[in-house]
1. Since residue 120 meets every condition but one in (1) in contact with a strand residue (DSSP E or B) (Cβ under 8 Å, 6 or more places away or on another chain); (2) under 14 Å from residue 10 (Cβ atoms), which condition does it not meet?
2. Can you find a residue in segment 29-38 that is at negative phi and part of a helix (DSSP H, G or I)?
3. Which numbered condition in (1) closer than 21 Å to residue 109 by Cβ; (2) without any contact (Cβ under 8 Å) to a residue 60 or more places away in the chain; (3) surrounded by 15 or more Cβ atoms within 10 Å (Cβ to Cβ) is the only one that residue 43 fails?
4. For the condition touching a helix residue (DSSP H, G or I) at 6+ places or on another chain (Cβ under 8 Å), modelled with pLDDT of 95 or more and over 19 Å from residue 43 (Cβ atoms), what is the one hit in 115, 74?
5. Can you list the helices (runs of 4 or more DSSP H) found entirely within segment 51-121 that contain at least 1 residues being loosely packed, with under 12 Cβ neighbours inside 10 Å and over 18 Å from the mean Cα position of the chain (by Cα)?
6. Residues 4, 26: which one is in contact (Cβ under 8 Å) with a residue 60 or more places away in the chain, touching a strand residue (DSSP E or B) at 6+ places or on another chain (Cβ under 8 Å) and either more than 25 Å from residue 124 (Cα to Cα) or not in a strand (DSSP E or B) (or both)?
7. Against the definition (at pLDDT 95 or above and surrounded by fewer than 16 Cβ atoms within 10 Å (Cβ to Cβ)), how does residue 129 come out, yes or no?
8. In the list 2, 7, 21, which residue meets the criterion of being in contact with a helix residue (DSSP H, G or I) (Cβ under 6 Å, 6 or more places away or on another chain) and either loosely packed, with under 15 Cβ neighbours inside 10 Å or at pLDDT 95 or above (or both)?
């Protein structure tokens, strides 16, 4: 079953102190299933890497390696129709108190009818409100 994966999960794969049983579970799922992300995802990934480099949390070599690793995963970036989708994102973001970035993951999960993988509790709550299934593991998170 395909699913939408957000940046909170993706970036945890890069930083040892952010990894969890849940994020590893999602990564494992990508060995047999396809992940989808909104068009904002690559920019979020690169932005987190740049900030981590500037703060000395990550070397440029490790950031480069992470990008190569991500490019080998079955993750498809999905475009959306501008400006038609902008109004939907604006309305949904307002109603749920989310950023445009977080709202784009919810919107994509709704459009594709896929569950959403996220570590962000605010996004999880909004997904539940919108009737979006969350990608869940069968064991407790650690």
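The values are calculated or read from the model by the stated rules, or taken from the named source; none is laboratory data. Treat the numbers as computed from the prediction; the structure is a model and nothing was measured. Please note: Cβ atoms are built from the backbone with ideal geometry, for glycine as well, and neighbour counts cover all protein chains shown.
1. Every listed condition holds for residue 120 apart from (1).
2. Step one: of segment 29-38, the residues at negative phi are 29-38.
If we keep only those that are part of a helix (DSSP H, G or I) too, we end up with 29.
Looking through segment 29-38, at least one residue is at negative phi and part of a helix (DSSP H, G or I).
3. (3)
4. Numbers: 74 fails: touching a helix residue (DSSP H, G or I) at 6+ places or on another chain (Cβ under 8 Å).
Criteria check complete, one pass: 115.
5. Numbers: elements: 60-71, 84-96, 100-112.
Ranges flagged: 60-71, 84-96.
6. Working: 4 fails: either more than 25 Å from residue 124 (Cα to Cα) or not in a strand (DSSP E or B) (or both).
From the options 4, 26, the qualifying one is 26.
7. Details: at pLDDT 95 or above: no; surrounded by fewer than 16 Cβ atoms within 10 Å (Cβ to Cβ): yes.
Answer is no for this residue.
8. Numbers: 2 fails: in contact with a helix residue (DSSP H, G or I) (Cβ under 6 Å, 6 or more places away or on another chain); 21 fails: in contact with a helix residue (DSSP H, G or I) (Cβ under 6 Å, 6 or more places away or on another chain).
Going through 2, 7, 21 in turn, the sole match is 7.
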